[in-house]
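A quick write-up on the structure given underneath.
We did not get these values from a lab; they are worked out from the coordinates using the rules stated. These numbers come from a predicted model, not from an experiment. All Cβ positions, glycine included, derive from the backbone under ideal geometry; neighbour counts span all protein chains shown.
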Amino acid sequence: MSRRGNRRPVVDGAEQALRTLKADVMRREGFAVDPSRPDDVKYEVAESLGVPLTQGDNGKLTTEAVGHVGGRIGGSMVREMIRMAQEKLSREQGES
């Protein structure tokens, strides 16, 4: 099975906003994030979890190990997006 080669957001132009969200969320989680390279935070997350993720070939890593890294990042982003949506709904209901 191969990795998906083209992972782009469905909404045109959302890619930069998602990168910014990732950087902000992971910074709040306590990780050092370079705003120009927020995807590099995965290496710091991996190190904190004891997963030997490196640039290049990681074919020897288990799906479970890599999932822990992605889950930590993606889970944090999803929680923040839910919080933002709830806040928006609350504000809209208060205006009614």
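Assuming a ≥ b ≥ c are the square roots of the Cα gyration tensor eigenvalues, decide whether segment 14-95 counts as rounded (a/c under 1.5), prolate (otherwise, with a/b larger than b/c) or oblate. All intermediate terms of the calculation are to be shown ahead of the outcome.
Working: a/c = 2.82, a/b = 2.15, b/c = 1.31.
It is prolate, given that a/c is not under 1.5 and a/b is the larger ratio.
What lysines could a cross-link reach from K60, if we take a straight Cα to Cα line under 26 Å and drop same-chain neighbours fewer than 8 places away?
K42
Dipole magnitude of the chain about its Cα centre, charges +1 at Lys/Arg Cβ and -1 at Asp/Glu Cβ only, in debye to the nearest 20?
200
Once both axes come from the Cα atoms, what is the angle between helix 63-95 and the longest principal axis of the chain, in degrees from 0 to 90, rounded to 10?
10
How high is the FRET efficiency from L61 to R91, r the C-beta distance, R0 35 Å, rounded to 0.05? Intermediate values should be presented prior to the final figure.
Values: r = 43 Å, r/R0 = 1.21.
According to the calculation, E is roughly 0.25.
How high is the relative contact order of the chain? Use alpha-carbon pairs under 8 Å, at least six apart in sequence, and give a whole percent.
Numbers: 53 pairs, mean separation 19.8, N = 96.
Relative contact order comes out at 21 percent.
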